[in-house]
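Colleague: Got a structure for you, written out below as structure tokens; questions coming shortly.
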There are 2 protein chains.
Amino acid sequence: MKMNSAPIIILVRPQLVENIGAATRAMMNCNLPEMRLVSPRDPWPLNSPQKERLKAAASGADAILDSAKVFESTAEAVGDLHAVYASTARLRDMVKETLTPRAAMGEIAAHAAQGGKTGILFGPERTGLINEDLICAGKIIHIPANPEFASFNLAQSVLVMAYEWLTANGEAPVEILDYGKSRPATREEVFNLLDRFERELDETGFFTTIEMKPAMMQNMRNALMRAHFSEQEVRTWHGILTSLTGPHGRRKANG
Amino acid sequence: MKMNSAPIIILVRPQLVENIGAATRAMMNCNLPEMRLVSPRDPWPLNSPQKERLKAAASGADAILDSAKVFESTAEAVGDLHAVYASTARLRDMVKETLTPRAAMGEIAAHAAQGGKTGILFGPERTGLINEDLICAGKIIHIPANPEFASFNLAQSVLVMAYEWLTANGEAPVEILDYGKSRPATREEVFNLLDRFERELDETGFFTTIEMKPAMMQNMRNALMRAHFSEQEVRTWHGILTSLTGPHGRRKANG
């Protein structure tokens, strides 16, 4: 269902086969099955060494590579689509509606629900999309990155879009523990407690065989880490240990 | 504000400096300023050739690289943190709460609002995190990827987390156009209309100088693409053109 309605990823004049491969890997992870290429720098079908580099970067996403269609122009590549988006950082002299990736995926899902076919254009590595490409798109998608360092590469941009498609169905909210008047313990505070536990258990002969110890300690540590102790609880546990191993407790353990 | 409360990205025993570099690039794009390294395969400080490969992949995110701290163990690397998450695909023999990246960033933001310091562990490229690392984390973050092809690489996983941090503040919803009884036109249908417009304008002598034509056509095409025509509207415009250029219209244009 979702597969058929996914936006088509359209790489316009991509330069590096490594980026094409990495893009397909991101797509395969995120249930985007269809890629189109517009005039890739290395003409398709690729020669053997290029194909090897491509396959290495794709890391097994061969189904997408094998079915990718190549077009001469961006206009041809989007010919059968009902809505086209362009992923780009800046618009020079055009006015177009600009969306975040998340908002765009909401729209794309809505188009898909009406049976519409959509595509997203990505420009070449160095130069990005030119006006002739941008004209083929109805809207712009802009990743709202750090304005002082907006430098996603091609494969990273595809991954962000693909990931937003993956998560377009929304997710359940979660809550964190309420620590009341205390605060979460630092990991160091928890490790100190766990180390003390281990020392004390060593001393009290808890580990009957040396072979069993690593697995037992791992399970114990893991269970206590899962508890998300507060700083107060760590102190309480130190008190408990002191109490258990003090004159009375120790007597009992040894008795 | 947000910078100081961002989760610390902790790469555990990373093997390839290219991945460390690509991770810092993703971080810099997404306002994540702090990286920690646990026993990287190539010991730090790096030698010259390694450093060059690192810097090329980081693509200018030097501030993060220069301030990255190196630790001998995962436990040391998370010592001062209040909550730790582990990014991993599968848990072998441990029980831990598992969150999506989006849900985790909600929690991390909540921790940050309480002044808590958080970190996210990422394992080595081939093997992933081992139990000794996972014990240092309170919860697991799992990217809900295609179960038949879950193969994000290290840099891609860091990008997904960083991107979720970037967008953790939520966004405004958007709406798409209501096409009523029609449907969105395909791009091909729109291009055909635009091509016809151009031919007709050529014939009617609209372009007074040949130099002006490309810019004028671009502006006109762009404006009409922005309109998101329905299939019905495309037909209407063809009718309008036919009418304008027919015997009566043409007479007027030439008259």
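The values are calculated or read from the model by the stated rules, or taken from the named source; none is laboratory data. Bear in mind that the values here come from a model prediction, so they are computed numbers and not experimental data. Here the Cβ positions follow ideal geometry from the backbone for every residue, glycine too, while neighbour counts run over all protein chains shown. Areas reflect the complete protein model, heavy atoms only, side chains present, ligands, DNA and RNA absent. Shrake-Rupley method; radii C 1.70, N 1.55, O 1.52, S 1.80 Å.
Colleague: For chain B, find the longest principal axis of its Cα atoms and tell me its angle to the long axis of helix B:101-113, 0 to 90°, nearest 10.
Modeller: Result, in degrees: 60.
Colleague: Still on this structure, I have one more. Distances from A:V70 to the same position in the other copies: list them in nm, one decimal, shortest first, using label points 7 Å from Cα along Cα→Cβ.
Modeller: 4.4
Colleague: Have a look at region A:206-248 and report residues whose accessible surface goes down by 30 Å² or more when the remaining protein chains are included, against the chain on its own, probe 1.4 Å, ligands and DNA/RNA excluded.
Modeller: Flagged in region A:206-248: A:Q218, A:N222, A:M225, A:R226, A:H228.
Colleague: Find every distance from the label point of A:E52 to the corresponding label point in the other copies (7 Å from Cα along Cα→Cβ) and write them in nm, one decimal, shortest first.
Modeller: A:E52 label point versus its equivalents elsewhere: 2.3 nm.
Colleague: Another question about this same structure. Percent antiparallel among DSSP beta bridges with both residues in the protein assembly as shown, to the nearest 5?
Modeller: 5
Colleague: Counting other C-beta atoms within 10 Å, and keeping those with at most 12, which DSSP coil trypsin sites (Lys or Arg not before Pro) do you find in region B:106-163?
Modeller: Here the trypsin sites (Lys or Arg not before Pro) that fit, given the DSSP loop and packing criteria, are B:R126.
Colleague: How much area per residue is accessible in chain B when the probe is 1.4 Å and only protein heavy atoms are counted (Å²)?
Modeller: 48
Colleague: Hey, what D do you get for region A:201-249 in µm²/s if you plug the Kirkwood alpha-carbon radius into Stokes-Einstein at 37 °C and 0.692 mPa s?
Modeller: 266
Colleague: Let me ask something else. If you add up the charges near B:T74, with Lys and Arg at +1 and Asp and Glu at -1, over every other residue whose beta carbon is less than 10 angstrom from its beta carbon, what do you get?
Modeller: In short, -1.
Colleague: With no solvent and one equal point scatterer placed on each C-alpha of chain A, evaluate the Debye formula and give log10 I(q)/I(0) for q = 0.11 Å⁻¹, two decimals.
Modeller: Debye curve over Cα of chain A, log10 I(q)/I(0) at q = 0.11 Å⁻¹: -0.70.
Colleague: Can you give me the pair-distance distribution of the protein assembly as shown, C-alpha pairs, 10 Å bins, whole percents?
Modeller: 4, 17, 24, 21, 15, 9, 6, 3, 1, 1, 0, 0
Colleague: Report, in whole Å, the centroid distance computed from the Cα atoms of region A:1-63 and region B:10-40.
Modeller: Rounded to whole Å, the Cα centres lie 25 Å apart.
Colleague: Moving on to the next point. Springs between alpha-carbon atoms under 10 Å, Gaussian network over chain A: tell me which of A:E76, A:E189, A:E132 tops the mean-square fluctuations.
Modeller: Its mean-square fluctuation being the largest, the pick is A:E189.
Colleague: Can you figure out the FRET efficiency of B:S151 with A:E231, using R₀ = 30 Å and their beta-carbon distance, to the nearest 0.05?
Modeller: Computed FRET efficiency for B:S151 and A:E231 comes out at 0.15.
Colleague: While we're here: Take region A:69-119, drop everything but the C-alpha atoms, weight them equally and run the Debye formula without solvent; then report log10 I(q)/I(0) at 0.19, 0.26, 0.27 Å⁻¹ to two decimals.
Modeller: For region A:69-119, the Cα-only Debye profile gives -0.78, -1.10, -1.12.
Colleague: If you don't mind, there's one more thing I want to ask. With the label 7 angstrom out along Cα to Cβ, how close does A:R126 come to the same site in each of the other copies, in nm, nearest first?
Modeller: 3.6
Colleague: Report D for region B:51-135 in µm² per second (integer): Stokes-Einstein, Kirkwood Rh on Cα pairs, 10 °C, 1.306 mPa s.
Modeller: Taking Rh from Cα pairs, D becomes 106 µm²/s.
Colleague: Residue by residue through region A:22-38, what is 3J(HN,Hα) from phi via Karplus (6.51 cos²θ - 1.76 cosθ + 1.60, θ = phi - 60°)? Round to whole Hz and write x for glycine and proline.
Modeller: Listing the rounded values in order: 4, 5, 5, 4, 4, 5, 4, 4, 10, 6, 10, x, 10, 10, 10, 10, 10 Hz.
Colleague: While we're on this one: Can you give the convex hull volume of the alpha carbon atoms of region A:1-105 per residue, in Å³?
Modeller: Dividing the Cα hull volume of region A:1-105 by its residue count gives 121 Å³.
Colleague: Against the 2.2 N^0.38 Å scaling, with N counting residues, where does region B:18-166 land? I'd like the Cα-based Rg ratio to two decimal places.
Modeller: After normalising by residue count via 2.2 N^0.38 Å, the value is 1.01.
Colleague: In region B:47-124, what percent of the accessible surface is made up of carbon and sulfur (1.4 Å probe, ligands and nucleic acids excluded)?
Modeller: So the carbon and sulfur contribution to the accessible surface is 51 percent.
Colleague: On C-alpha positions alone, give me the angle between the axis of helix B:187-203 and the longest principal axis of chain B, in degrees, nearest 10.
Modeller: Roughly 40 degrees between the two axes.
Colleague: Also, I was wondering about something else. Ignoring ligands, DNA and RNA and using a 1.4 Å probe, state the total buried accessible area between B and A in Å², rounded to the nearest 100.
Modeller: That pair hides around 6000 Å² of surface in total.
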